[in-house]
Amino acid sequence: MPSLSPASASPTDSPAPADDAARRKHPYRAYVLRAALGLLVVGLLLRHYDAKPVLATLGREKIAYFAAAVVIYLSGQLISALRWRILALMVGISGRFREFVTYCFVGMFTNLFLPGLIGGDAARAFYLGRRCGRLGAATAATVADRGSGLLALFWLAGACALLPIGRLLPKAITTPVVAVAGLAILGYALVPLIARLLQRVPGRIATVIAAVLPYLNRPVSLIPAIMLSLALQVLLAIAQYVLAVGLGLGISLWLLVLCVPIANVFASLPLTINGLGVRESAYVVLLGSAGMRDTDAIALGLLWFACTAVAGLVGGVVFVSSDLPKIRLEKAPRSD
């Protein structure tokens, strides 16, 4: 487990005591606020749609199906690690597959405490960068990893919206989904042009842009990562289909393949802890529009949150038991 040693900075760089105290308190305050927001949204949903039928639906879940969904979700981390490793190699970062799996599990654990997916991505980038001594390249690989995942998410949702299964949802939902997918395809096609324009940006921003240029200059090389992202999205839909079967809900797998990516877009926003409340609200709109009872949609969303929480605790075991790069802040030399 990483160790933490105290550090001090030079007088000219040290923040004021009040600012430093506020900075230390801010993460905890933000965590409490986002956790409270998620609980508030869930509470409002349960109050509006009646908690009793939701709890009754949750009580029908078979433990074997829940365990299977957790295992499927955890296996998805292997796909994530392989995708991330492929992208890291593009910027000259090599490493054992086991290391990337470990950092993915640590990121999964971090997502239990930080909003959206930002916390987990930051943890993954930090540990990979700390291990290889190239934090900038590791951050670029992590950004590319998240970007390829979003592209696949948009494309998959758009493709499913165009299939006959998409007719189960109102056009007010499917039309924007298809439009966003089209924009994502256009953006991918224009990536080389965007890269040439970004190369002309002066100043410090140019340094940041230079880190991601290997991906922008070679968009075709991102295809393997995008394919893995598509497989991962389908796997997440299968995991939730298993949960739905365990609840006794009659639902099509392809409906979940359509709705889960759309819901994940909203759940990944840094609004609540691990998408709590946001995902359930999205399910009420999406799955409810397709004919599922609102209470069943809420129950499925809560059950999926529980599934990811259990998986996150597994990531906590990996975090405690793994030999991660140590977090050491070196003492800065004092200026005379």
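So, of the residues in the stretch 288-329 that are surrounded by fewer than 20 Cβ atoms within 10 Å (Cβ to Cβ) and under 13 Å from Thr110 (Cα atoms), which turns out to be nearest to the chain's Cα centre (by Cα)?
Checking each candidate, the answer is Ala309.
Return yes or no: is Ala184 at pLDDT 90 or above, within 20 Å of Pro261 (Cα to Cα) and open to solvent by 30 Å² or more (accessible area, probe 1.4 Å)?
Judged against the criteria, Ala184 is not a match.
Pairs only if they're at least six apart or on different chains, beta carbon under 6 angstrom, first in the stretch 283-294 and under 16 Å from Lys171 (Cα atoms) and in contact (Cβ under 8 Å) with a residue 24 or more places away in the chain, second open to solvent by 20 Å² or more (accessible area, probe 1.4 Å) and outside any helix (DSSP H, G or I); list them, first residue then second.
Final answer for the pair search is Ser289/Pro170.
Which ones in the stretch 240-270 are open to solvent by 50 Å² or more (accessible area, probe 1.4 Å) and assigned to a helix (DSSP H, G or I)?
The answer is Tyr241, Val245, Leu253, Trp254, Phe266.
Going by the conditions given, is Arg134 basic (Lys, Arg), open to solvent by 10 Å² or more (accessible area, probe 1.4 Å) and either farther than 19 Å from Gly316 by Cβ or out of contact with any Phe, Trp or Tyr (no Cβ under 6 Å at 6 or more places or on another chain) (or both)?
Yes.
Among the helices (runs of 4 or more DSSP H) confined wholly to the stretch 50-119, which include 3 or more residues that are among the polar types (S, T, N, Q) and either open to solvent by less than 60 Å² (accessible area, probe 1.4 Å) or touching a Gly at 6+ places or on another chain (Cβ under 7 Å) (or both)?
63-89
Taking the stretch 287-321 only, how many residues are modelled with pLDDT under 85 and aromatic (Phe, Trp, Tyr)?
Of the residues in that region, 1 qualify.
In the stretch 129-215, which helices (runs of 4 or more DSSP H) lie fully inside it and hold 2 or more residues that are within 24 Å of Pro325 (Cβ to Cβ)?
135-162
The values are calculated or read from the model by the stated rules, or taken from the named source; none is laboratory data. It should be emphasised that the depicted structure is a prediction, and the values quoted were computed from it without experimental measurement. So basically every Cβ, Gly included, is an ideal-geometry build from the backbone, and we count neighbours across all protein chains shown. Heads up: the accessible areas ignore ligands, DNA and RNA and are worked out on the full protein's heavy atoms, side chains in. Shrake-Rupley method; radii C 1.70, N 1.55, O 1.52, S 1.80 Å.
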